[in-house]
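Enquirer: Can you keep this structure in mind? I'll have questions shortly.
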Amino acid sequence: MIAIAAIWISVLLIGGGFALDRVLTSAITRNFDTSLEYVLIAMIRSSEIGPEGEVRQIEPLGDQRFLEPYSGLYWQISGGNQEPYRSRSLWERTLKAPTPHVDDEIHTYDSNQFPDEQLRVLERNVILPGSNVSWRFQIAQSREALDVQIGAVRSTLIPSLALLGIGLIILAALQTFYGLWPLRHIRRAIAAMRGGHNRRVTAPLPLEVQPMVEELNALLAHNEKQAEEARLHAGNLAHALKTPLTVLLNSASGSGTELAETIRREAATMQRQVEHHLARARAVGRRGAAQARSNVWDSVDSVSRAIARLYPDVRLDADGDKALVTRVERQDLDELIGNLLENAAKYGGGSVFVTVLRDGNEAEIQVEDDGPGISPVDRVRIFDRGVRLDSGKPGTGLGLAIVRDVAEIYGGSIALEESEDLGGLLVRLRLPAG
């Protein structure tokens, strides 16, 4: 918008300035020519034919410059076979017409016949009483004074128009800047909502953008309502399936037939799927509340106490930033950390260490154990749902898969490495920091 306004203003001012320059230059030149025309008419009126047919002036012209050599103001009368009758200011020079012609009216033109002086020339052919000769009367003046006047006008006109153009462009820029300022408020408000500081655009805005803000807030409310309804439906469906699946598993566990084994295996698979999708549905629904904030250390502390009761022989230690906050719901954060600590306690060698630290805009939770670790080949496969590297211990094989999916829902990630300190597995869980 600013660029288009600047181009349009520049075009208009250049066109207008050119037209104004032409008008003013023509007016100054016309005024200059008018003063010379008066002198030419006076010179014609004061001329007559002498006894020998020569032209002469009855009375001299009043301007003293006609008597000063090379003064810049000259006159000349020529015609027939007579030597040109000229002013003393011409000295040894002679005024010449561009081409032989007859001017019944005053003819005006510029001449550069004098190398060191540009002239403005007015001439007219007149037949004086008592003569049949057409006499050419010429009056010429140096263009220096005329060019000085035109230069003075242009030296005022060009800076004035340039200043006007700059002022108009600045005004257009300010108008555009302040006119679009409410959109910056909306952008910051949306960023605040995405960052979890607000749920709606509540800042007072001009009437021009208020309808858009109202529609935006209505859209957010509609999306939240749909997400909540979908989460509730998914949760209800999952809970409705869990009870029959549990009954099937319990019934099949009491029988050793092949049919019972098949029912038990397929019901376990269905149960894993239900738990997995139920965890995702909860995370997606809670992620809609972008203002979620959870203290990482508090979650690590509470989950560690629970794991310590389940695995009393495992030593759990933690260190790091106790004030670090992440943009994850507390329930989901507990589930993420709980899965990691439970896996470390279950498959480790009896020692688990948790480190909490901030890395730029992310909160990093490191969980290390002294177990056998996981080979580089299995570190990718372990995230598949239902994959268990140690089938001798109870579990569903969903822990790391759920951690990965929930972390990605919140914009985080998880990576598996080898622990340099304990020698076992090192899990790096990265989540957006508050």
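Every number here is computed from the coordinates shown, using simple stated rules; none is lab data. Because the structure is a prediction, the values reported are computed rather than measured. Here the Cβ is made from the backbone with ideal geometry for all residues, glycine too, and neighbour counts use every protein chain on show.
Enquirer: So how tilted is helix 330-347 from the main axis of the chain? Cα-based, degrees 0 to 90, rounded to 10.
Expert: Its long axis makes an angle of about 50 degrees.
Enquirer: Follow-up question, since we're still on this one. Under 10 Å, Cα contacts only: if you run a Gaussian network model on the chain, which one of Asn343, Asn361, Asn31 comes out with the highest mean-square fluctuation?
Expert: Asn31
Enquirer: So what's the stretch 1-125 giving for Cα Rg divided by 2.2 N^0.38 Å, two decimals? Mind dumping the intermediate values first?
Expert: Working: Rg = 20.8 Å, N = 125, 2.2 N^0.38 = 13.8 Å.
Rounded to two decimals, the normalised Rg is 1.51.
Enquirer: Taking 0.36 nm per residue of sequence separation and subtracting the Cα-Cα distance, how much length would be gained by fully extending the chain between Arg293 and Glu224, in nm to one decimal?
Expert: Details: separation 69, 0.36 × 69 = 24.84 nm, distance 1.83 nm.
Gain on stretching Arg293 to Glu224: 23.0 nm.
Enquirer: Between Arg56 and Glu258, how many nm apart are label points set 7 Å from Cα along the C-beta direction?
Expert: The answer from the label model is 15.3 nm.
Enquirer: Ordered by residue, what ³J(HN,Hα) values in Hz, to whole numbers, does the stretch 421-428 give under the Karplus form 6.51 cos²θ - 1.76 cosθ + 1.60, where θ = phi - 60° and Gly and Pro are x?
Expert: In residue order, the calculated couplings are 7, 9, x, x, 8, 10, 10, 9 Hz.
Enquirer: Once both labels are modelled 7 Å past Cα along the beta-carbon direction, what's the Ala162-Met1 spacing in nm?
Expert: The two pseudo-label positions are separated by 2.9 nm.
Enquirer: Moving on to the next point. So, R0 is 25 Å and r is the distance between the beta-carbons of Ala173 and Ile14; what FRET efficiency does that work out to, to 0.05?
Expert: Numbers: r = 19 Å, r/R0 = 0.77.
The computed FRET efficiency comes out at 0.85.
Enquirer: Compute the acute angle (0 to 90°) between the alpha-carbon long axis of helix 144-179 and the principal axis of greatest extent of the alpha-carbon atoms of the chain; round to the nearest 10°.
Expert: With rounding to tens, the tilt is 20 degrees.
Enquirer: Pairs of lysine in the chain with Cα under 27 Å and at least 8 positions apart or on different chains: total?
Expert: Details: Lys225/Lys242; Lys242/Lys346; Lys242/Lys393; Lys322/Lys346; Lys346/Lys393.
So the count of such lysine pairs works out to 5.
Enquirer: Could I ask something else about it? Putting +1 on Lys and Arg Cβ atoms and -1 on Asp and Glu Cβ atoms, find which of Tyr347, Ala433, Ile409 reaches farthest to the positive end of the dipole of the chain.
Expert: Result: Tyr347, furthest along the dipole toward the positive end.
Enquirer: A follow-up question, please. Based on the Cβ-Cβ distance from Thr34 to Leu183, what FRET efficiency comes out when R0 is 56 Å, to the nearest 0.05?
Expert: Working: r = 60 Å, r/R0 = 1.07.
FRET efficiency, Thr34 to Leu183: 0.40.
Enquirer: Between His233 and Glu68, with labels modelled 7 Å along Cα→Cβ, what's the label distance in nm to one decimal, could you check?
Expert: 10.3
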